[in-house]
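Step one of this worksheet: look at the structure below.
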Amino acid sequence: MSSESKKLFNIIILGVAFMFMFTAFQTCGNVAQTVITNLNSTDFHGSGYTSMAIIYGVFSASNLISPSVVAIVGPQISMFVSGIFYSAYIAVFIQPFTWAFYTASVFIGIAAAVLWTAQGNCLTINSDENTIGRNSGVFWALLQFSLFFGNLYIYLAWQGKTHISEGDRRTVFIALTVISLVGTVLFFLIRKPEESNTQEGEDSTNENLGDASSSQSKMTRAVDAFKRSMKLCLTKEILLLSITTAYTGLELTFFSGVYGTCIGAVNKFGSDEKSLIGLSGIFIGIGEILGGGFFGLVNKNNRFGRNPVVILGIVVHFVAFYLIFFNMPNNAPLASIEGTNDQAYMDPSKELAIFCSFLLGLGDSCFNTQLLSILGFLYSEDSAPAFAIFKFVQSICAAVAYFYSNYLLLQWQLLIMVVVGFFGTISFFTVEWEAPAFVARGSDYSSI
């Protein structure tokens, strides 16, 4: 197998492993608040929104140390151990206890930071400036199949149900735990590339050939990775991209947690309201898969750059927000177990709700594929700190969004995303226009 074929094989395995893991985790996230609402009549008194706020809050803080962890143990072991913690979090729902639920939320926040930093490192090591766009699209499309499979099961299993029984819950979460563990094991199929034009690859080779494998050398690499992360935080490019990244954190919270809860709370959808959560997730996944696959192919010939894709993403999202505003009751995110009988500006339409799910997924793929691509392009020799900062900003904004989702009506949540999305798009344009000049002058960080 040639070096290029081996790298593409690694990207596919990386995507498939994440697909299995996030089939479990994202399905868990989509139904968690609905399941917990049914549990709150028992001794369990947790909140899915609060759990996600904890996860993303810890996630954001842990991104400060995740490049050091990846530098010490390598991306493969980092992803495997993180996968174990993801599986443990999902397993908590088999027999939930409030203390275990929130404790697992803390640990998975740490694991998520390490996992995504290692993923960015692995993606960059197995790419070059000509393949980073394609590989980002391939990985993103494979990852987003997770939304399709898990939610298809939820849709079929919960169709016609207005209450989730203990047996239903256990069956779903035992299956999701096993699926997550399968994805975790797949990380061991990733092979080390024979060559890499990135600094990470050179460092890894040198480490294996000489005394750099000593614990002292690994600690030095860990400290250096932390210092590079701190220095990178103050660069013009990262500060501008942080606005775009902040938007992806807000809309991630909305489509992965809040919107499904809104659909499940609308009583006028009838007995299908719970199964529609699964159908919504399926169509979010279809949008993500189509976007990731298409934009991966488009990036083979990127003479138009990344800006047109980002323009498409923000237009698609603004259309989705407008339609959701007209279709969903304002109090849907805050509804109790009885749901809501309120009406927005039209009779709630199942078809329109599901169409908006597709638009949310498509728009999200526009932003995330282009952010992965531009980070891999700008920081091909220093990818771990760059991806750690990306996830730091995204996760802290997701945590903030999960927090305010407990209190804000739907209209205010949509307004926040519109404002941040507009400025995030402008800031991305600025970085994309300056990207060739940045790469031409090398990896010297232009601080503000």
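The values are calculated or read from the model by the stated rules, or taken from the named source; none is laboratory data. These numbers come from a predicted model, not from an experiment. Note that each Cβ is placed from the backbone with ideal geometry, even for glycine, and that neighbours are counted across all protein chains shown. Keep in mind that these areas ignore ligands, DNA and RNA; they rest on the heavy atoms of the full protein, side chains included. Shrake-Rupley method; radii C 1.70, N 1.55, O 1.52, S 1.80 Å.
How much length is gained on full extension from Ser5 to Asn341, taking 0.36 nm per residue of separation minus their Cα-Cα distance? Please list the in-between numbers first.
Working: separation 336, 0.36 × 336 = 120.96 nm, distance 5.56 nm.
Value of the extension gain: 115.4 nm.
Tally Lys and Arg at +1 and Asp and Glu at -1 over the other residues with C-beta under 13 Å from the C-beta of Gly361: what net charge comes out?
On the way: positive: none; negative: Glu251, Glu288, Asp364.
My count for the surroundings of Gly361 gives -3.
Per residue, how much accessible area does segment 229-442 have with a 1.4 Å probe, in Å²?
36 Å²
By the scheme Lys and Arg +1, Asp and Glu -1, what is the net charge of all other residues having a beta-carbon under 9 Å from that of Ile94? Could you put the intermediate results ahead of the total?
Values: positive: Arg169, Arg170; negative: none.
Around Ile94, the charge tally is +2.
At a Förster radius of 35 Å, what calculated FRET efficiency corresponds to the Cβ-Cβ distance of Val185 and Tyr404, to the nearest 0.05? Mind dumping the intermediate values first?
Working: r = 38 Å, r/R0 = 1.07.
Efficiency computed from Cβ-Cβ geometry: 0.40.
Order the following by accessible area, largest value first: Tyr56, Tyr407. Probe radius 1.4 Å; ligands, DNA and RNA are ignored. The partial results should precede the final answer.
On the way: Tyr56 25, Tyr407 150 Å².
Largest accessible area first, the list is Tyr407, Tyr56.
Provide the net charge surrounding Ala398, with neighbours chosen by a C-beta distance below 14 Å and charges set as Lys +1, Arg +1, Asp -1, Glu -1. Could you put the intermediate results ahead of the total?
Values: positive: Lys391; negative: Glu251, Asp364.
Within the 14 Å Cβ shell, the charges total -1.
Segment 101-137 to segment 397-418: how many Å between their Cα centroids?
First find each Cα centre; the distance between them is then 25 Å.
Peptides 179-191, 358-370: what's the order by average Cβ count within 10 Å, highest mean first? Walk me through the numbers before you get to the answer.
Numbers: 179-191: 19.2, 358-370: 26.1.
The peptides rank, most packed first, as 358-370, 179-191.
Peptides 237-247, 310-320: what's the order by average Cβ count within 10 Å, highest mean first?
Numbers: 237-247: 23.0, 310-320: 20.2.
Highest mean packing first, the order is 237-247, 310-320.
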